[in-house]
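Engineer: Just dropping this structure here.
The values are calculated or read from the model by the stated rules, or taken from the named source; none is laboratory data. In this text, all values refer to a predicted model and were calculated from it rather than measured experimentally. For neighbour counting, all protein chains shown are included, and Cβ atoms are generated from backbone atoms with ideal geometry for every residue, glycine included. SASA here: full protein model, heavy atoms, side chains in, ligands and nucleic acids out. Shrake-Rupley method; radii C 1.70, N 1.55, O 1.52, S 1.80 Å.
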2 protein chains.
Amino acid sequence: EDAAYFSSYSHFSIHMDMLQDKVRTESYRDFIMTNQHLFKDKVVLDVGCGTGILSMFAARAGASQVIAVDQSEIIYKAMDIVRENNLDHVIKLIKGRVEDIQLPVEKVDVIISEWMGYFLLFESMLDTVLYARDQWLAPGGSVYPDRCTISLVAIGDTKMHSNRVAFWDDVYGFKMTCMRSDVTKEGSVEEIDPETVMSEPSLIKMVDCCSVLVAELDFTADFSLKATRDGTCTGIGGYFDIVFEKDCTNKVYFSTAPNCMKTHWKQTLFLLEKPVDMKQGDLMSGKISVKKNKKDPRALVIRIEITNTGQVLDFQLQ
Amino acid sequence: EDAAYFSSYSHFSIHMDMLQDKVRTESYRDFIMTNQHLFKDKVVLDVGCGTGILSMFAARAGASQVIAVDQSEIIYKAMDIVRENNLDHVIKLIKGRVEDIQLPVEKVDVIISEWMGYFLLFESMLDTVLYARDQWLAPGGSVYPDRCTISLVAIGDTKMHSNRVAFWDDVYGFKMTCMRSDVTKEGSVEEIDPETVMSEPSLIKMVDCCSVLVAELDFTADFSLKATRDGTCTGIGGYFDIVFEKDCTNKVYFSTAPNCMKTHWKQTLFLLEKPVDMKQGDLMSGKISVKKNKKDPRALVIRIEITNTGQVLDFQLQ
């Protein structure tokens, strides 16, 4: 199953999408190039290096050595790319699972990685970064990005809700109501129209990558969504924010919220089976739990309980 | 490998996309409901029935019996749906590969199927329809849709070409030219902006589903694209047209061309490694061959030779 995961990163198109996601790539570039003191003469580990772009930024910022690891076949392209840019004296590429390989050094000063998945934690790649941290990060060393948060907002889009849920009640004159529950049992990754956001955000998780434990990535949190206008809440949207700040002279921040510049992560939408009418100022309160799917640890199982209405909603993100 | 293929049809979202593709579903509906004489008191076979929508149209049009076959798990939903609509006395659902099952009848009068893939032949599902035809279609019976064509057009979109090909020459200041060939070796499925079409279409294949042989689905054809304006041809677009006409009182036709209403099939784009300047009236002539990929018979291998420039381009569609 992990073979399929790594294989999905072997195709050029996913790397083109990531490189052409300017919010993502320019944030990493700006963090590295405007905080060169963090890299100058340092040993850097790049976890899941892909085409090697972050490693090359680190080399350009003065790293004495960069070790770049990836289990996907894309690393053979990274090897060509590093040679094309005459950086093979600085960047050492290793094909393998981080959990299986040996490093040519005892400790590294900095770990960089672009590990974020949909709804931040999809793919569970942060687990691998934390493994690398616990194994090889020198005392006082840092993991970047260092601070990540997950937030929720209420979404009001009755037309879209009806196109996906009520749709099944009359499909060209036939009933397909048995399909409805499938739609409302799955989180969907999509660009949420910022016009449909109808609440203030509620932060449900803060992750400090320098100290968080894998066990803390399965979590339960309370949320409270305060309506910014009257409307019918048809779903709950999720997104994440990323901050590079530890020891930075220039902090770099980006957000994947619906009202921000689009990224390849889009947002995550959890449809409510029963939409909820809200007045401006109303609070929708509840509890969310986010856990790895035991049968497929790169997927997530999400439960949202809405206190006001007693709804308990179970979603897969897969 | 076929397990992955059928599994991809088990998820609700692909069926929602297909049902909500109005060009597709309304064409089938209109063909069946405005040509009820083809279905009245007939035995109908639906190959790859999915949610059962075509079978229900056939039942509504007066079929005496409809046999609906699908190997994907979605057929369990179709069973619920057929019961929900009180059509279980007419529609019999069979889970299995068409090549493996036994039918409860000796012969069928009509075969309906929505088997079309990207660039018409991707997925090679027509092979299965032809197997069913040769095995069970009564003399004088028909397969619908009955006539399908594939066409090419020249595309001029220098901005897009440069975003995908020249892009790799300078990625945030680094060279990744070794990635270029991957991009130009793969056909991509996407919505081609009709404004970028710069030639008349050239028909490269006509398929009569009532008589074509599987062996004829691997083919080589000449094409000739006449420029409708001056411009730089950066790629060749492919699409298909579908006609329901045999014995029809109301013929139904739809096209997946770039200037027609969007469908979930979009179009297929083959990027030219080296763009070609053309003047209005110029002809770009050549030869195209389309074959199943021997290692993965549901994928296609496509070779385009352009006589004018001597370019020989090999593409995968996978």
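Engineer: Given the convex hull over the Cα atoms of region A:208-318, what projected area results after averaging over all orientations, in nm²?
Structural biologist: Spelled out: convex hull of the Cα atoms, projected over all directions, averaged, 8.9 nm².
Engineer: Dipole size in debye (nearest 20) for chain B around its Cα centre, Lys and Arg Cβ +1, Asp and Glu Cβ -1?
Structural biologist: 120
Engineer: What value in Å³ per residue do you get for the convex hull of the alpha-carbon atoms in region A:25-151?
Structural biologist: Dividing the Cα hull volume of region A:25-151 by its residue count gives 106 Å³.
Engineer: Just going by the charge dipole of chain A, with Lys and Arg at +1 and Asp and Glu at -1 on Cβ, which of A:CYS209, A:THR196, A:THR249 is farthest out on the positive end?
Structural biologist: Checking the options against the dipole of chain A, the answer is A:THR249.
Engineer: To continue, here is another question. In the Gaussian network model of chain A, springs joining C-alpha atoms below 10 Å, which of A:ALA257, A:ALA221, A:ALA58 carries the largest mean-square fluctuation?
Structural biologist: Answer for the Gaussian network model of chain A: A:ALA221.
Engineer: If you plug each phi of region B:8-19 into the Karplus form 6.51 cos²θ - 1.76 cosθ + 1.60 with θ = phi - 60°, what whole-Hz ³J(HN,Hα) values come out, in order, with x for Gly and Pro?
Structural biologist: 5, 9, 8, 8, 4, 5, 5, 6, 5, 4, 6, 5
Engineer: Can you give me the orientation-averaged projected area of the convex hull built on the Cα atoms of region A:159-271, in nm²? Spell out each step's value before the answer.
Structural biologist: Values: hull surface 40.0 nm².
Convex hull of Cα atoms, orientation-averaged projection: 10.0 nm².
Engineer: Additional query: How many angstrom separate the Cα center of region B:54-123 from the Cα center of region A:294-308?
Structural biologist: Using only Cα atoms to place each centre, the spacing works out to 35 Å.
Engineer: 5 Å is the cut-off here: which amide hydrogens, built 1.01 Å from N in the peptide plane, fall below it relative to B:ARG147, excluding neighbours closer than 5 in sequence?
Structural biologist: Answer set, sorted by chain and number: B:CYS209, B:VAL243, B:GLU245.
Engineer: Another question, then. Could you tell me what percent of the DSSP beta bridges with both partners in region B:64-215 are antiparallel, to the nearest 5?
Structural biologist: 50
Engineer: Same structure, new question: Which net charge results for the neighbourhood of A:ASN86, defined as the other residues with beta-carbon distances under 14 angstrom from its beta-carbon, given Lys and Arg at +1 and Asp and Glu at -1?
Structural biologist: With Lys, Arg at +1 and Asp, Glu at -1, the net is 0.
Engineer: How far, in nm, would the chain grow between A:ASP277 and A:SER224 when pulled straight, counting 0.36 nm per residue and subtracting the alpha carbon separation?
Structural biologist: Value of the extension gain: 17.5 nm.
Engineer: Only four residue types carry charge here, +1 at the Cβ of Lys and Arg and -1 at the Cβ of Asp and Glu. Report the dipole size of the protein assembly as shown about the Cα centre in Debye, rounded to the nearest 20. Numbers along the way, then the final one.
Structural biologist: Details: 70 positive and 92 negative charges, 25 e Å.
The calculated dipole for the protein assembly as shown is roughly 120 debye.
Engineer: Please give the average number of partner chain Cβ atoms lying within 10 Å of the Cβ of each residue in A:164-175, rounded to a whole number.
Structural biologist: For peptide A:164-175, the averaged partner shielding equals 5.
Engineer: Determine the order of B:ARG164, A:ARG60, A:ARG229 by accessible area, beginning with the largest, at a probe radius of 1.4 Å.
Structural biologist: Most to least solvent-accessible, the answer reads A:ARG60, A:ARG229, B:ARG164.
Engineer: Tell me what chain B gives for mean residue ellipticity at 222 nm when only DSSP H runs of n ≥ 4 count, each as -39,500 (n - 2.57), the sum divided by the residue total, rounded to 500 deg cm²/dmol.
Structural biologist: Here the helix-only value at 222 nm equals -6000 deg cm²/dmol.
Engineer: Can you give me the solvent accessible area of B:MET33 with a 1.4 Å probe, rounded to the nearest 10 Å²?
Structural biologist: B:MET33 exposes around 50 Å² with every protein chain in place.
Engineer: What FRET efficiency would be calculated for the residue pair A:ASP2, A:THR249, taking the C-beta separation as r and a Förster radius of 51 Å, to the nearest 0.05?
Structural biologist: 0.85
Engineer: Same structure again: What pairs in A:LYS159/B:LYS92; A:LYS295/B:LYS22; A:LYS266/B:LYS95; A:LYS40/A:LYS246; A:LYS40/A:LYS92 have C-alpha atoms more than 25 Å from each other?
Structural biologist: A:LYS159/B:LYS92; A:LYS295/B:LYS22; A:LYS266/B:LYS95
Engineer: Would you please give the FRET efficiency between A:ASP88 and B:GLU73, computed as 1/(1 + (r/R0)^6) with r the Cβ-Cβ distance and R0 = 51 Å, to the nearest 0.05?
Structural biologist: 0.55
Engineer: Determine which residues of region A:49-74 fall in the zone a paramagnetic label at B:THR177 would reach in this model, i.e. backbone nitrogen under 20 Å from the point 7 Å along Cα→Cβ.
Structural biologist: A:51-53, A:56
Engineer: OK, next. Could you give the dipole magnitude of region B:152-294 about its Cα centre, charging the beta-carbon of Lys and Arg +1 and that of Asp and Glu -1, in debye to the nearest 20?
Structural biologist: Here the size comes out at about 280 debye.
Engineer: Using the C-alpha gyration tensor of region A:25-87, what are the square roots of 5 times its eigenvalues, in whole angstrom, with the largest one first? Write out the running numbers ahead of the final one.
Structural biologist: On the way: eigenvalues 74, 28, 22 Å².
For region A:25-87, the ellipsoid semi-axes come out as 19, 12, 11 Å.
Engineer: Here is a follow-up. Using just the C-alpha positions of region B:274-318 as equal point scatterers, what log10 of I(q)/I(0) does the Debye formula give at each q in 0.17, 0.27, 0.32 1/Å?
Structural biologist: Treating every Cα as an identical point scatterer, log10 I(q)/I(0) equals -0.56, -0.93, -1.10.
Engineer: On each of the three principal axes of the Cα atoms of chain B, give max minus min coordinate, whole Å, ordered largest first.
Structural biologist: In descending order, the Cα extents are 65, 40, 32 Å.
Engineer: Charges on Cβ only, +1 for Lys and Arg, -1 for Asp and Glu, centred on the Cα centroid of chain B; of B:HIS161, B:ILE32, B:LEU317, which one is farthest towards the dipole's positive end?
Structural biologist: B:ILE32
Engineer: Quick check on chain A: of the DSSP beta bridges with both residues there, what percent are antiparallel, nearest 5%?
Structural biologist: Here the share of antiparallel DSSP bridges comes out near 75 percent.
Engineer: Then there's this: Scale the Cα Rg of region A:245-305 by the rule-of-thumb value 2.2 N^0.38 Å and send over the ratio, two decimals.
Structural biologist: On the way: Rg = 16.9 Å, N = 61, 2.2 N^0.38 = 10.5 Å.
Cα Rg divided by the expected 2.2 N^0.38 Å: 1.61.
Engineer: Return the average number of partner chain Cβ atoms within 10 angstrom of each residue Cβ along peptide B:177-189.
Structural biologist: Mean partner-chain Cβ count within 10 Å for B:177-189: 3.
Engineer: So, one more: Apply the Kirkwood formula to region A:62-128: the hydrodynamic radius equals the inverse of the mean of 1/r over all pairs of different alpha-carbon atoms; give it in Å with one decimal.
Structural biologist: About 13.3 Å, per the Kirkwood formula over Cα pairs.
Engineer: Please check: in the Gaussian network model of chain A (C-alpha springs, under 10 Å), which one of A:LYS159, A:LYS292, A:LYS95 has the largest mean-square fluctuation.
Structural biologist: Comparing A:LYS159, A:LYS292, A:LYS95 in the GNM, the peak value goes to A:LYS159.
Engineer: Another question, then. Report, as a whole number in µm² per second, the diffusion coefficient that Stokes-Einstein gives for region A:82-208 at 10 °C and 1.306 mPa s using the Kirkwood radius over alpha carbon pairs.
Structural biologist: In µm²/s, the coefficient rounds to 83.
Engineer: Return the percentage of antiparallel bridges among DSSP beta bridges fully within the protein assembly as shown, rounded to the nearest 5 %. Walk me through the intermediate numbers first.
Structural biologist: On the way: 110 of 148 bridges.
Looking only at bridges with both residues in the protein assembly as shown, the antiparallel portion is about 75 percent.
Engineer: So what is log10(I(q)/I(0)) for the protein assembly as shown at q = 0.05 1/Å, when the Debye sum runs over its Cα atoms only?
Structural biologist: Log10 I(q)/I(0), no solvent term: -0.28.
Engineer: With a cut-off of 8 Å between alpha carbons and a minimum separation of six or more residues, what is the relative contact order of region A:183-283 in percent? It would help to have the intermediate numbers written out before the result.
Structural biologist: Details: 153 pairs, mean separation 41.1, N = 101.
Computed over region A:183-283, the figure is 41 percent.
Engineer: First measure r as the distance between the Cβ atoms of A:SER211 and B:TYR131, then evaluate 1/(1 + (r/R0)^6) with R0 = 51 Å and state the FRET efficiency to the nearest 0.05. Could the numbers behind the result be given before it?
Structural biologist: Numbers: r = 61 Å, r/R0 = 1.19.
Between A:SER211 and B:TYR131 the formula returns 0.25.
Engineer: Provide an ascending nm list, one decimal, of label-point separations from A:GLU216 to the equivalent residue in each further copy; define each label point as 7 Å from Cα along Cα→Cβ.
Structural biologist: From this label point to the equivalent ones elsewhere in the assembly: 6.8 nm.
Engineer: Taking Cα pairs under 8 Å and at least six residues apart, what relative contact order does chain B come out at, in percent? If you can, show how the numbers build up before the last one.
Structural biologist: Details: 692 pairs, mean separation 54.5, N = 318.
Here the relative contact order equals 17 percent.
Engineer: Can you name the chain A residue with its Cβ nearest the rotation axis from A to B, and give the distance in Å as a whole number?
Structural biologist: A:ALA4, 5
Engineer: Oh, and also: With a cut-off of at most 13 other beta carbons within 10 Å, and DSSP calling the residue loop, which GluC sites (Glu not before Pro) in region B:149-205 qualify? Please list them.
Structural biologist: Qualifying residues, ordered by number: B:GLU191.
Engineer: Peptides A:236-248, B:74-86: what's the order by average Cβ count within 10 Å, highest mean first?
Structural biologist: Top of the packing list down: A:236-248, B:74-86.
Engineer: Would you work out which of A:SER289, A:VAL276, A:ALA221 lies farthest towards the positive end of the dipole of region A:202-289, given +1 charges on the beta-carbon of Lys and Arg and -1 on that of Asp and Glu, about the Cα centre?
Structural biologist: Working it through, the farthest residue towards the positive pole turns out to be A:VAL276.
Engineer: Once you average over the residues of B:4-13, how many Cβ atoms of partner chains fall within 10 Å of each Cβ? Kindly include the intermediate steps, with their values, before the conclusion.
Structural biologist: On the way: counts 1, 0, 0, 0, 0, 0, 0, 3, 10, 5.
Per residue, the number of nearby Cβ atoms from other chains is 2 on average.
Engineer: In nm to one decimal, list the spacings between the A:LYS274 label point and its equivalents in the other copies, with label points set 7 Å along Cα to Cβ, shortest first.
Structural biologist: Those separations, rounded to one decimal, come out as 6.8 nm.
Engineer: Then there is this: Using a 1.4 Å probe, how large is the accessible area of A:TYR9, given in Å² and rounded to the nearest 10?
Structural biologist: About 40 Å², rounded to the nearest 10.
Engineer: Using only the Cα atoms of region B:200-260, build the gyration tensor, take square roots of its eigenvalues as a ≥ b ≥ c, and label the shape rounded, prolate or oblate: rounded if a/c is under 1.5, else prolate if a/b is larger than b/c, else oblate.
Structural biologist: On the way: a/c = 3.09, a/b = 1.52, b/c = 2.03.
Oblate shape, in that a/c is at least 1.5 and b/c is the bigger or equal ratio.
Engineer: Counting each pair of different Cα atoms once, what's the Kirkwood radius of region B:106-169 in Å, rounded to one decimal? Spell out each step's value before the answer.
Structural biologist: On the way: mean 1/r = 0.0672 Å⁻¹.
After inverting the pairwise mean of 1/r, the radius is 14.9 Å.
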